[in-house]
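Since the structure comes first, as structure tokens, the remarks are kept for the end.
The values are calculated or read from the model by the stated rules, or taken from the named source; none is laboratory data. Values in this document were obtained by computation on a predicted structure and should not be read as measured data. Cβ sites come from the backbone with ideal geometry, for glycine too, and all protein chains shown count toward neighbours. Note: accessible area is taken over every heavy atom of the protein model, side chains too, but ligands, DNA and RNA are not part of it. Shrake-Rupley method; radii C 1.70, N 1.55, O 1.52, S 1.80 Å.
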Amino acid sequence: MKILITGGLGYIGYFTVKELKKNITNDITIIDNFSNNQHLKYFEKFKIKIINSDYCSKKILQKIFKQKIDIVIHLASFKKVQESLARPEKYHFNNVVKTKRLVETCISNGVKKIIFASSASVYGKQNKVRVKENFSTSPMSPYAKNKIDIENYLKNIAKQKKIKFVILRYFNIAGS
């Protein structure tokens with residue numbers, strides 16, 4: 001399977017690639033802008049293609065999509081809640097506008113499967129210890145609102161364009 005992972009050099013990306021490479025026939029390309037001090041040495045053993053670029057570069061994406069990508073795993077986003085409060089426009093542009101451009105480019109190149117990394121921050125404050133997927137959302141930051149906006153966009157575009165998608169709402173992935 002040919003897989004494109006956006007923002008794939010981060011923590012989630014590492015474990016995603018590690019799992020996907022258990023099937024040696026998976027052909028993985030990562031596009032990442034190296035903005036989070038990635039440690040490329042951790043990825044060397046996987047023998048994957050890594051492209052240093054913005055995940056929404058049409059020129060780069062067109063080259064990648066010539067390979068007939070089967071699925072896109074979209075992990076790229078700005079993710080600092082405090083910064084999103086101070087710079088909501090920056091977050092909206094990077095996380096929502098550019099994701100829509102990515103999805104449109106996927107669709108125009110025949111990619112019909114997308115996995116989107118969302119966040120449990122979309123639930124806001126809950127009174128329950130265990131939060132269930134069907135709980136109502138109440139984003140408390142521009143970052144969380146961006147995630148909801150993208151989730152809703154994917155739901156709508158999937159109906160129109162007959163694509164399949166999965167949304168993964170991550171909780172605190174690397175800490176207690």
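Of note:
So that you can scan it fast, the table gives a plain yes or no per residue for (1) out of contact with any Gly (no Cβ under 7 Å at 6 or more places or on another chain); (2) acidic (Asp, Glu); (3) at pLDDT 95 or above:
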residue	(1), (2), (3)
13	no, no, no
30	no, no, yes
79	yes, no, no
89	yes, yes, yes
93	yes, no, yes
103	yes, no, yes
113	yes, no, yes
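- Any hit, the range 66-88, residues being crowded, with 18+ Cβ neighbours inside 10 Å, in contact with a helix residue (DSSP H, G or I) (Cβ under 7 Å, 6 or more places away or on another chain) and assigned to a helix (DSSP H, G or I): yes
- Some residue of the range 114-123 being touching a Phe, Trp or Tyr at 6+ places or on another chain (Cβ under 7 Å) and part of a loop (DSSP other than H, G, I, E, B): no
- Beta carbons closer than 7 Å, at least 6 apart along the sequence or on distinct chains, pair a first residue in the range 93-112 that is in a helix (DSSP H, G or I) with a second that is surrounded by fewer than 20 Cβ atoms within 10 Å (Cβ to Cβ) and among the basic types (Lys, Arg) for 105/58; 107/161.
- Scope the range 100-112; condition under 16 Å from residue 151 (Cβ atoms) and open to solvent by 10 Å² or more (accessible area, probe 1.4 Å); matching residues: 100
- Scanning the range 2-60 for residues that are part of a loop (DSSP other than H, G, I, E, B), open to solvent by 80 Å² or more (accessible area, probe 1.4 Å) and at negative phi yields a total of 4.
- Looking across the range 31-85, the residues that are among the aliphatic types (A, V, I, L, M) and more than 16 Å from residue 8 (Cα to Cα) come down to 81, 85.
- Residues that are more than 10 Å from residue 121 (Cβ to Cβ), in contact (Cβ under 8 Å) with a residue 40 or more places away in the chain and in contact with a Lys or Arg (Cβ under 9 Å, 6 or more places away or on another chain) within the range 150-171 comprise 150, 153, 157, 161, 162, 163, 164, 165, 166, 167, listed in sequence order.
- Scanning the range 125-153 for residues that are open to solvent by 60 Å² or more (accessible area, probe 1.4 Å), modelled with pLDDT of 90 or more and not polar (S, T, N, Q) yields 140, 145.
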